[in-house]
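Comments concern the structure below.
The values are calculated or read from the model by the stated rules, or taken from the named source; none is laboratory data. These figures come from a predicted structure and were not determined experimentally. We place every Cβ from the backbone using ideal geometry, glycine too, and count neighbours over all the protein chains shown. We work out accessible area using only protein heavy atoms, side chains counted, and drop any ligands, DNA or RNA first. Shrake-Rupley method; radii C 1.70, N 1.55, O 1.52, S 1.80 Å.
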Amino acid sequence: MQDEAGHGLYLYAAAETLGVSRDQMIRDLHSGKAKYSSIFNYPTISWADMGAIGWLVDGAAILNQVPICRCSYGPYARAMVRVCKEESFHQRQGFEILLTLANGSPEQNAMAQDAIDRWYWPAVMMFGPSDDASPNSAQSMQWKIKRFSNDELRQRFMDMIAEQVKVLGLTVPDPELRWNETRGHYDFGPIDWDEFWNVVHGNGPCNQQRLRTRVKAYEDGAWVREAASAYAEKKRKRDEEQAQAA
């Protein structure tokens, strides 16, 4: 959680360089105006979910974010360099968790398989809509913010996961996943885009619950922000007085 909070701070700071305040971004998030990754609106049910999230979700994030380390906007690129170094640890940790469970008791093996079954498709959707339905991709590619399209990155993910799951001795919930010798890539089944857009539009299994939790935490922490602001103002005045006295 400490790592992920740090990632958020990196990206808030990068966004602030474009002229929008952090307070405004937080207000947009709490009001539902701002959109965030659909993956954050699914429930975590068992310890194995921590492994599946690390392996699948952070694995997908790395594929999406590593190219951004060389994007055209410096503050964003520098933030992503730090994020990716930490995400690579999460991915390896998640794979190790699943590997340990997969080779444990039958109950642990079943727990690992259940987690993969639930997190696989949300991770596949995490790359965003298909290229022909992605309204912002063309501009982002033109500005060299994105260096690869959603579908290109999703294909890389499929090719990677299809081989890694063999090492785990587990399966992914896609009976159509198979190697295509002609294409030199794995084919995969259809994505449930209705589910994806339902989550994006605020109707996922945990959307409202997590937004309420986020707003409550912000409101409950108001006294901390007020105290920090009061201390900063007091220190500023004291420093000014000391400077004048000198």
Please turn the phi angles of the stretch 106-121 into ³J(HN,Hα) values with the Karplus equation 6.51 cos²θ - 1.76 cosθ + 1.60 (θ = phi - 60°), one per residue in order, whole Hz, x for glycine and proline. x, 5, 5, 4, 5, 5, 5, 5, 4, 5, 5, 4, 7, 9, 4, 5
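Once you have the Cα-Cα distance between ALA232 and ALA110, take 0.36 nm times their residue separation minus that, and quote the gain in nm to one decimal. Write down the numbers at each step before the final one.
On the way: separation 122, 0.36 × 122 = 43.92 nm, distance 5.31 nm.
Residue separation times 0.36 nm, minus the Cα-Cα distance, leaves 38.6 nm.
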Applied in sequence order to the stretch 16-28, the curve 6.51 cos²θ - 1.76 cosθ + 1.60 (Karplus, θ = phi - 60°) yields integer Hz couplings, x standing for Gly and Pro, of 4, 5, 8, x, 9, 7, 5, 4, 5, 5, 5, 4, 5
Quick one: which of LYS144/LYS216; LYS85/LYS146; LYS85/LYS235 span more than 30 angstrom between C-alpha atoms? LYS144/LYS216; LYS85/LYS235
So what J values fall out for the stretch 136-150 if you push phi through Karplus, 6.51 cos²θ - 1.76 cosθ + 1.60 with θ = phi - 60°, rounded to Hz, Gly and Pro as x? 9, 5, 4, 5, 5, 5, 5, 7, 6, 7, 9, 10, 9, 6, 4
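May I ask for the equivalent-ellipsoid semi-axes of the stretch 126-174, computed as the square root of five times each C-alpha gyration tensor eigenvalue and listed largest first in whole Å?
Values: eigenvalues 162, 24, 7 Å².
Ellipsoid half-lengths, sorted descending, are 28, 11, 6 Å.
Efficiency by 1/(1 + (r/R0)^6): what FRET value for ARG183 and THR213, r their Cβ-Cβ distance, R0 = 51 Å, to the nearest 0.05?
My answer for the efficiency is 0.75.
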Long-range amide H partners of TYR186 with built H, under 5 Å: ASP159, ASN180
Mean residue ellipticity at 222 nm from the helices of the chain, using -39,500 (n - 2.57) per DSSP H segment of n ≥ 4 over the full residue count, to the nearest 500 deg cm²/dmol? -20500 deg cm²/dmol
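Accessible area per residue of the chain at 1.4 Å probe, in Å²?
Values: 14620 Å² over 246 residues.
Per-residue value: 59 Å².
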Carbon and sulfur atoms account, in whole percent of the 1.4 Å probe accessible area of the stretch 99-237, for 55 percent
The stretch 51-82 scanned against label point 7 Å out from GLN2 along Cα→C-beta; backbone N under 15 Å for none
Which of [x] 20.4; [y] 19.2; [z] 19.8 is the computed Kirkwood radius over Cα pairs in Å for the structure on display? [x]
Any idea how far apart ARG70 and GLN93 come out in nm if each label point goes 7 Å out from Cα toward Cβ? 2.8 nm
ASP192's amide H: which non-local residues (gap 5+, or another chain) put their own amide H closer than 5 Å, with H modeled 1.01 Å from N in plane and none for Pro or chain starts? none
In nm, to one decimal, how far is the LEU18 label point from the THR100 one, both placed 7 Å along Cα→Cβ? 3.9 nm
